[in-house]
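Everything on this sheet refers to the single structure shown next.
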Amino acid sequence: MGIEVGVDRDMKDHSQVALLGLDRAELAELVADLGEPAYRAQQLLEGVYRQRVESIEQVSTLPQQLRAKLSEKGISVGLPKVEKQFVSVDGTVRYLIGFADGQSVETVWMPEGDGGDVGEGSGDAEAGDPQGKLATRGWGRATICVSSQVGCAVDCQFCLTALLGVKRNLTAGEIAGQVLAVLNDQKVSPQHDRINLVFMGMGEPFLNYDNFIKAVRLLVEEVGLAESRMTVSTAGIVPRIADFGQEAIRPRLAISLNASNDELRTQLMPLNKKWNLERLMAAAREFPLRNRERVTFEYVLLHNVNDLRENAEEVVELLRGVKARVNLIALNPGPGIDYETPADENVEAFQKTLRDAGILTFVRRPRGRDIYAACGQLKRTVEIATAPAPSVP
Ligand code: SF4
């Protein structure tokens with residue numbers, strides 16, 4: 001695994017230090033500790049985060065002697081590796097991304113966006129692309145779905161990732177590194193292409209808060225991605241929602257709601273016992289929103305479980321007083337999950353009830369179903385290798 005160092009770490013011990021994950025101040029400290037001039041920190045910063053090099057050898061601005069010195073001291077870039085990739089018929093690519101300790105997560109590339117649940121105005125594919133470069137390439141924008149933990153401890157009953165349990169947190173470098181690895185593989189850059197990020201892959205970001213938020217800062221300040229094009233989804237870690245609202249640099253907030261009353265939510269998402277709907281909705285109401293911002297609520301519809309008219313009416317009541325938008329997601333089928341995909345008419349009726357109550361409500365298109373890349377389907381390849389993939393709808 002890429003070992004992340006903090007400013008309080010003894011910088012004289014550089015064994016197995018990964019540059020990826022270090023911020024400007026930490027790189028400055030590292031460079032000073034090596035007895036090198038301060039501007040070397042800027043060169044490393046640009047090499048790692050802007051040029052997205054895979055090895056120190058590729059940081060061409062550094063003298064050969066310094067590159068050798070860094071390598072001798074066990075300092076490496078720490079860019080995670082694409083171990084496998086699966087390409088869907090709809091263009092979605094599911095990456096298995098591996099770290100130095102042999103653990104891996106899944107990171108998903110979705111060209112043309114993910115159904116419009118990210119930055120406001122993100123559906124405007126041509127804006128900022130006067131030459132039509134992106135259009136000629138076949139996609140106007142793309143979304144990368146990023147993991148925050150190996151597995152997940154939250155245990156949502158409709159989620160394949162939950163079946164893994166949690167193995168460990170990812171470091172800030174490993175979270176940001178997934179994005180860099182995918183940008184490299186796709187040969188795109190945030191300076192030229194419209195890239196959205198959703199922290200909705202494996203894991204609960206708010207249970208790995210410090211590493212998640214550090215990764216966000218690195219991605220915004222050093223890689224150059226826009227925070228307005230990022231969304232983080234939480235299952236409802238209420239104290240962290242309040243902390244998150246105080247961050248100077250932060251993505252948009254999405255809350256994975258999935259149920260319209262406490263009894264149902266506790267059944268589907270056991271963490272509701274700890275932070276019930278009253279506390280969750282209070283946190284959502286108090287969340288400090290920016291101009292034109294809303295809290296997104298995701299609601300996975302499960303056939304005859306939470307997709308009925310009375311559920312929709314209860315959701316309308318829950319969302320009173322919240323500047324909300326709702327993304328309805330029809331359950332994606334998967335092995336080991338006891339729930340079924342809702343009927344189309346239930347999805348439509350649910351949406352209509354919310355819209356009639358004045359709530360901005362969208363139905364998200366499933367992406368990459370044929371390769372298990374859609375929401376809740378991120379499960380380690382090795383564990384699904386023997387299961388037959390469902391056909392594309
Ligand atoms: S839905 Fe998200 S929070 Fe819930 S178990 Fe799956 S990965 Fe964890």
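The values are calculated or read from the model by the stated rules, or taken from the named source; none is laboratory data. Treat the numbers as computed from the prediction; the structure is a model and nothing was measured. Every residue, glycine as well, gets a Cβ built from its backbone with ideal geometry; the counts of neighbours run over all protein chains shown. To get the accessible areas, we keep the full protein, side chains included, count just its heavy atoms, and leave off ligands, DNA and RNA. Shrake-Rupley method; radii C 1.70, N 1.55, O 1.52, S 1.80 Å.
Rounded if a/c is under 1.5, else prolate if a/b beats b/c, else oblate: with a ≥ b ≥ c from the C-alpha gyration tensor eigenvalues square-rooted, which is the stretch 14-75?
Judged from the Cα gyration tensor, the stretch 14-75 comes out rounded (a/c under 1.5).
Please work out whether the stretch 140-262 counts as rounded, prolate or oblate from its C-alpha gyration tensor, where a ≥ b ≥ c are the square roots of the eigenvalues and a/c under 1.5 means rounded, while otherwise a/b larger than b/c means prolate and anything else oblate?
Verdict is prolate for the stretch 140-262.
When only Cα pairs under 8 Å and 6 or more residues apart are kept, what is the percent relative contact order across the stretch 47-110?
Answer for the stretch 47-110 is 21 percent.
Taking K and R as +1 and D and E as -1, what net charge do the other residues with C-beta under 13 Å from the C-beta of ALA242 add up to?
Value of the local net charge: +1.
Determine the relative contact order of the stretch 322-363: mean sequence separation of Cα pairs under 8 Å and six or more apart, normalised by residue count, in whole percent.
Reported relative contact order: 53 percent.
With a 1.4 Å probe and every protein chain left in place, work out the accessible area per residue of the stretch 39-88 in Å², rounded to a whole number.
That works out to 54 Å² for each residue.
Between the DSSP loop rule and a limit of at most 10 other Cβ atoms within 10 Å, which trypsin sites (Lys or Arg not before Pro) in the stretch 280-335 are left?
ARG290, ARG292
Considering only DSSP states other than H, G, I, E and B, which GluC sites (Glu not before Pro) in the stretch 9-100 qualify as loop sites with at most 16 other Cβ atoms within 10 Å? Walk me through the intermediate numbers first.
Values: sites: GLU26, GLU29, GLU46, GLU54, GLU57, GLU72, GLU83; in loops: GLU54.
For GluC sites (Glu not before Pro) across the stretch 9-100 that sit outside H, G, I, E and B with at most 16 neighbouring Cβ atoms in 10 Å, the list reads GLU54.
For the stretch 40-104, give the percent of accessible area contributed by carbon and sulfur heavy atoms, probe 1.4 Å, rounded to a whole number. Intermediate values should be presented prior to the final figure.
Values: 1480 of 3110 Å².
After summing per-atom areas, the C and S share lands at 48 percent.
What list of ³J(HN,Hα) values in whole Hz, one per residue of the stretch 148-162 in order, does the Karplus curve 6.51 cos²θ - 1.76 cosθ + 1.60 (θ = phi - 60°) give from phi, with Gly and Pro shown as x?
10, 9, 7, x, 7, 9, 6, 6, 5, 6, 9, 10, 5, 4, 4
What length, rounded to one decimal in nm, is gained on full extension from ALA153 through to GLN51, with 0.36 nm per residue of separation minus their alpha-carbon distance?
Working: separation 102, 0.36 × 102 = 36.72 nm, distance 3.48 nm.
So the extension gain works out to 33.2 nm.
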